[in-house]
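Every number in this text was worked out from the coordinates using simple rules, so none of it is lab data. Only a predicted model underlies this, so the values are computations on that prediction, with no experimental measurement involved. So basically every Cβ, Gly included, is an ideal-geometry build from the backbone, and we count neighbours across all protein chains shown.
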Amino acid sequence: MLLSGCATTLHSNVTAFNDWPAADLQDKSFAFEAPQGANDTLEFRNYQALVANQLTQLGFHQAGEGQQPQLMVSMKYFTIDHPVRVIQADPFDDPYWGPGFGRYGYYGRFGYSRWAYRPFFYDPYRFGPRYVSEQIKHQYQRQLRVTIDTVAGRKLYDVTVQNTSGVQATPYVMPALVQSAFTGFPGQNGVPRTIDITIDPKTPTVQAANPAPKAN
């Protein structure tokens, strides 16, 4: 649906744990933990930029080269494809469409013929539709986890976003997952929430019903 030009609403399950200081941090400079091995890709770094943008909107700022950050941000994500085999009866071969109606002809009491009857008995109400189609539908399960720690190792924020949809392309979904991770930051500790965000396929932006407020 995304590629066809229709906006799509993604429903994400979000759970955040935080030990955020009662008095807000004076220095909100941060840096990302460097991705390791196979995770060090352009795609991964692009998603880091999405996280950085959300943090900037909350009053944080990314430490420049040579500067000592006060916070370390870590990000992990994965996608699992769950193919589902779907068997569907041909609706034109369904007796509930009306007595005797079929895709290629006419059901008679004594059988099926393109134009009339045959001398054998076939009852679609008894035997069910004779034409079925098989399809493979994909459901993509995604999880995003973002953590914020002090450089001394104190854990401040740990959020997990889970989403399952039929959208194959992760780059279309990730902006919504990242925004969901920081909606209502830092939020209630350990309380699961469902966050709905609408994606416009024509632009890389997302629209949330309840945008994340800025931290004090």
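Quick look at the numbers
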{"item": "Amide H partners (placed H, <5 Å) of GLN62, local residues excluded", "result": "PHE30"}
{"item": "Linear extension gain, ASP27 paired with LYS76, 0.36 nm per residue minus alpha-carbon span", "result": "15.2 nm"}
{"item": "Two-site FRET efficiency, GLN36 against GLN67, from Cβ-Cβ distance with R₀ of 22 Å, rounded to 0.05", "result": "0.45"}
{"item": "Packing-based ranking, highest mean first, of 171-179, 19-27 given that Cβ atoms within 10 Å are counted", "result": "171-179, 19-27"}
{"item": "Virtual spin-label span in nm between ALA49 and ASP196, 7 Å along Cα→Cβ", "result": "3.1 nm"}
{"item": "Per-peptide average of other Cβ atoms within 10 Å, ordering 45-52, 187-194 highest first", "result": "45-52, 187-194"}
{"item": "Loop trypsin sites (Lys or Arg not before Pro), region 145-179, which have at most 13 other Cβ atoms in a 10 Å radius of their Cβ (DSSP)", "result": "ARG154"}
